Structure formats: structure tokens, C-alpha cells
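Below is one structure, written out as C-alpha cells; the observations come after it.
The values are calculated or read from the model by the stated rules, or taken from the named source; none is laboratory data. Quick caveat: nothing in here was measured; it's all calculated off a predicted structure. For neighbour counting, all protein chains shown are included, and Cβ atoms are generated from backbone atoms with ideal geometry for every residue, glycine included. Protein only, heavy atoms only, side chains kept; ligands, DNA and RNA dropped before computing areas. Shrake-Rupley method; radii C 1.70, N 1.55, O 1.52, S 1.80 Å.
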Amino acid sequence: MNIRESVCRLGVLGVMVGWLAGCGSIDSMRESRPDAGDRLEYLNERYQQLMVQGRTCLELEDVASPMVDCQRLLREAERLHVEYPRNPEVLYFNALLSHAAGRGDKAQFFLDQMSIGPSHPPEAFVLRSQLALEEGNTTLARNVLERGMLLHPNYAGLYEGLAAVGYVEGRYDDAEQQLTLASRLGAPAWRVEYHRGLINEAQGHLANACRQFDASLARRQDHQPARAHLLRLATAGHCRGDALKAAAGGMRISS
């Protein structure tokens with residue numbers, strides 16, 4: 001599995017165990033594994049550990065905060081960029097970390113350095129579209145994703161990205177169609193169900209939204225956004241069965 005595939009397992013719609021290695025460990029890694037690919041893989045492993053912990057790079061609770069580790073990873077990733085300024089995977093990883101740390105401007109800078117071509121990672125198109133959506137530019141987000149499809153027509157994340165654009169624009173039928181395509185191309189079922197829950201909720205189809213959030217939560221019990229939506233709908237009386245127990249981590253609701 002290459003670095004992009006590994007990053008993508010936790011990175012498309014933003015889904016983020018243990019304390020990260022210290023500066024000494026990174027220094028040792030750099031000396032023992034000088035190859036760019038090896039170093040990038042090492043840094044990605046540490047990044048995934050942080051994301052699996054369910055915390056973001058923006059948190060700063062104490063001296064041993066993940067924020068400290070994110071900044072350390074960022075510095076090392078930027079060092080790699082200095083050494084390998086045109087490496088697309090190095091550029092993408094720098095963009096990913098910058099976005100996770102709330103530096104959308106830096107993320108965009110790294111993405112803009114990437115030449116669009118066969119070596120351009122499909123995840124980079126998804127991340128660029130996310131930046132555009134955060135700026136409220138749905139037209140740019142859609143154009144970026146459609147360009148990505150020309151190079152990577154079978155990459156599910158691009159279709160999930162288009163579904164997100166359709167959702168933001170209120171084009172719910174289009175969003176549903178894109179999710180269907182994403183599912184056929186291998187998008188995780190829990191994520192597709194969660195997004196369908198959002199679409200149903202936005203349309204006022206609240207019983208269907210409950211079922212989608214419940215199904216997502218059953219597949220991915222640590223997915224807090226699905227739990228939060230299910231809890232809110234259940235508390236308001238829109239779900240049937242033991243919705244509150246499901247949202248609290250107990251039984252699933254009945255369909």
C-alpha cells in the first residue's frame with residue numbers, strides 16, 4: 001500500500017492511537033530511513049495514530065497535546081518538501097497536514113505546486129474541493145472534482161466530493177446519484193449511509209435519516225457525527241424504536 005492509499009483510509013471527509021513519537025524518534029528515523037517514501041510513510045503512520053485517537057490538530061489541552069505533535073509532523077513534512085519540492089506525495093501530505101492544522105492557505109499553496117497529470121493524487125483533488133467548499137465556492141469545488149475524474153474516473157472519493165457539493169448547493173437528487181456511484185466504486189458503506197442521512201435530514205425525511213444514521217453507526221460505532229445526529233433526531237421524537245439507546249451506544253433502533 002502506498003502513502004496515498006494509506007492516508008486516504010482516514011483522510012477524505014476529514015475521519016481522524018497513541019502518543020506520537022518525540023523529536024528524537026523523528027531524528028532517528030530520518031537517519032535510518034533517508035528515502036523520501038520511507039520517511040513519508042513513517043510520518044503518515046504517526047498522523048494516523050493521532051487521527052484514530054479522535055482528536056484534531058487544532059486541540060491544545062496540555063503540554064503533551066496532539067497539537068504539539070502535529071506541529072512536529074508539520075515541520076518534518078516541510079523539511080521533506082525542501083528536499084523534494086516536486087514530489088507529488090510530499091506535496092499532498094504537506095497540504096493534508098496544513099489543512100488539519102487549520103492552515104487552509106498553506107494547504108492551497110502546496111496543492112497549487114502540484115502539476116496536474118497522471119501522478120497527481122486523486123485525494124489532492126478532493127482536498128482542494130474541500131478548501132473551495134470551506135470558502136463557499138461550490139463552482140470551483142465542482143470544477144476541481146470534475147478535472148480529477150478525467151484522470152481518475154474510478155476513484156470513489158471524487159464522487160463523494162461531488163455529493164458534498166450537491167448537498168451544499170441543495171441539489172439533493174444529484175448528491176444521491178453521486179453517492180450511489182461512490183458506493184459502487186467502493187466507498188465505505190458507513191460513510192455513504194451517513195451522508196445519505198444528512199441528505200434525508202436536509203429534505204425533512206427524518207425517519208429515513210434516522211435509519212441511515214443508525215445503519216452508519218452500526219458499521220462504525222466510533223463515528224461521533226452519526227451518533228450526534230441520531231441523538232438529536234431521537235430526542236426530538238423523529239426516530240422509532242430504541243434510538244436513544246443506539247445513540248448512547250446501546251441497542252440499534254428498529255427500522
Q) Among the residues of the stretch 76-91, which ones are in a helix (DSSP H, G or I), open to solvent by 10 Å² or more (accessible area, probe 1.4 Å) and within 21 Å of Tyr155 (Cβ to Cβ)? A) Pro88, Glu89
Q.
Cβ contacts < 9 Å: first residue farther than 19 Å from Ala187 by Cα, restricted to the stretch 220-235; second residue among the acidic types (Asp, Glu) and at pLDDT 90 or above, any location; separation 6+ or different chain. Result?
A. His229/Glu201; Leu230/Asp214; Leu233/Glu201
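Would you list the helices (runs of 4 or more DSSP H) that sit entirely within the stretch 145-255 and hold 3 or more residues that are at pLDDT below 95? Outline the logic, then answer.
Values: elements: 156-169, 172-184, 189-203, 206-219, 224-235, 243-247.
Counting at least 3 such residues, we get 206-219, 224-235, 243-247.
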(Q) I need the full set of residues from the stretch 127-155 which are open to solvent by 10 Å² or more (accessible area, probe 1.4 Å), within 17 Å of the chain's Cα centre (by Cα) and of a type outside the set (D, E, K, R), in order please. (A) Gln130, Leu133, Tyr155
